[in-house]
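Reading through the structure tokens given below for one structure.
Any read-out appearing in this document is the output of simple, stated calculations on the displayed coordinates, not a laboratory observation. Everything numeric in this text was worked out from a predicted model, so none of it was measured. Note that we place each Cβ from the backbone using ideal geometry, even for glycine, and neighbour counts take in every protein chain shown.
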Amino acid sequence: MNIRKNNGITLIALVISIIILIILAGISISGTIRGQDETEEGVQIIELNIVQHAILERNTKAQLTKESLPGTIIEKTEVQKIIEEMNSISGENINLKGTEYKQLNKEDLEKLGIIDEENIFIVNYSTGEVINKTLKVTKSKKALYIYSKSEI
């Protein structure tokens with residue numbers, strides 16, 4: 001009797017190994033995508049904070065020097081429509097705190113010292129409210145809106 005010694009792997013073992021590798025790759029790719037989304041959301045919130053600090057600083061300076069504040073006046077009714085849209089998408093209940101709002105485009109933001117920002121923001125200099133008009137909400141449906149807890 002001639003018995004042949006088999007030193008190779010079977011086709012079933014090879015298929016199982018490939019399936020395991022595909023599952024591991026899928027898990028790592030989904031984790032990377034989730035991490036990227038969280039990073040984008042963090043950047044968007046930091047941008048709101050940067051704009052807020054810049055407008056509060058400029059408002060304080062303007063009170064002392066009587067200089068004009070950058071931006072184009074925007075009607076409160078238009079701002080309210082944007083807030084209602086943000087509330088419906090995010091499920092939040094945001095209420096406006098101020099009365100006079102300005103829209104800041106790229107040139108206005110540069111006057112505040114913020115460069116390379118493509119988004120358009122709506123701000124209220126006295127309450128510190130900042131709304132990202134371009135994006136409105138993050139991918140996880142968080143409204144891109146902040147305000148200063150204490151009015152200046």
Practice prompt. Select from segment 114-152 the residues that are touching a residue at least 24 places away in the same chain (Cβ under 8 Å), touching a Lys or Arg at 6+ places or on another chain (Cβ under 9 Å) and surrounded by fewer than 16 Cβ atoms within 10 Å (Cβ to Cβ) and list them in ascending order.
Written response: 151
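How many of the residues in segment 17-54 are within 30 Å of residue 112 (Cβ to Cβ) and of a type outside the set (Val, Ile, Thr)?
First, pick out the residues of segment 17-54 that are within 30 Å of residue 112 (Cβ to Cβ): 36-54.
Checking which are of a type outside the set (Val, Ile, Thr) leaves us with 36-38, 40-42, 44, 47-49, 52-54.
Adding up the residues that qualify gives 13.
Of these, 103, 80, which one is surrounded by fewer than 16 Cβ atoms within 10 Å (Cβ to Cβ) and under 18 Å from residue 121 (Cα atoms)?
Sole residue among the options that is surrounded by fewer than 16 Cβ atoms within 10 Å (Cβ to Cβ) and under 18 Å from residue 121 (Cα atoms): 80.
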Item to complete: Just give me the residues in segment 118-152 being closer than 14 Å to residue 105 by Cα and outside any strand (DSSP E or B), in sequence order.
Response: 118, 119, 120, 133, 134, 135
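Would you mind finding the one in 92, 85 that is in contact with a helix residue (DSSP H, G or I) (Cβ under 8 Å, 6 or more places away or on another chain), surrounded by 13 or more Cβ atoms within 10 Å (Cβ to Cβ) and acidic (Asp, Glu)?
92
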Discussion item. Given (1) surrounded by 12 or more Cβ atoms within 10 Å (Cβ to Cβ); (2) under 17 Å from residue 114 (Cα atoms), identify the lone condition not met by residue 97.
Written reply: (2)
Worksheet item: Which residues, counting only those in segment 14-70, are charged (D, E, K, R) and either in contact (Cβ under 8 Å) with a residue 40 or more places away in the chain or part of a helix (DSSP H, G or I) (or both)?
Response: 34, 37, 38, 40, 41, 47, 57, 58, 61
Worksheet, complete the sentence: A careful count of residues in segment 99-116 that are closer than 16 Å to residue 68 by Cβ and in a helix (DSSP H, G or I) gives 5
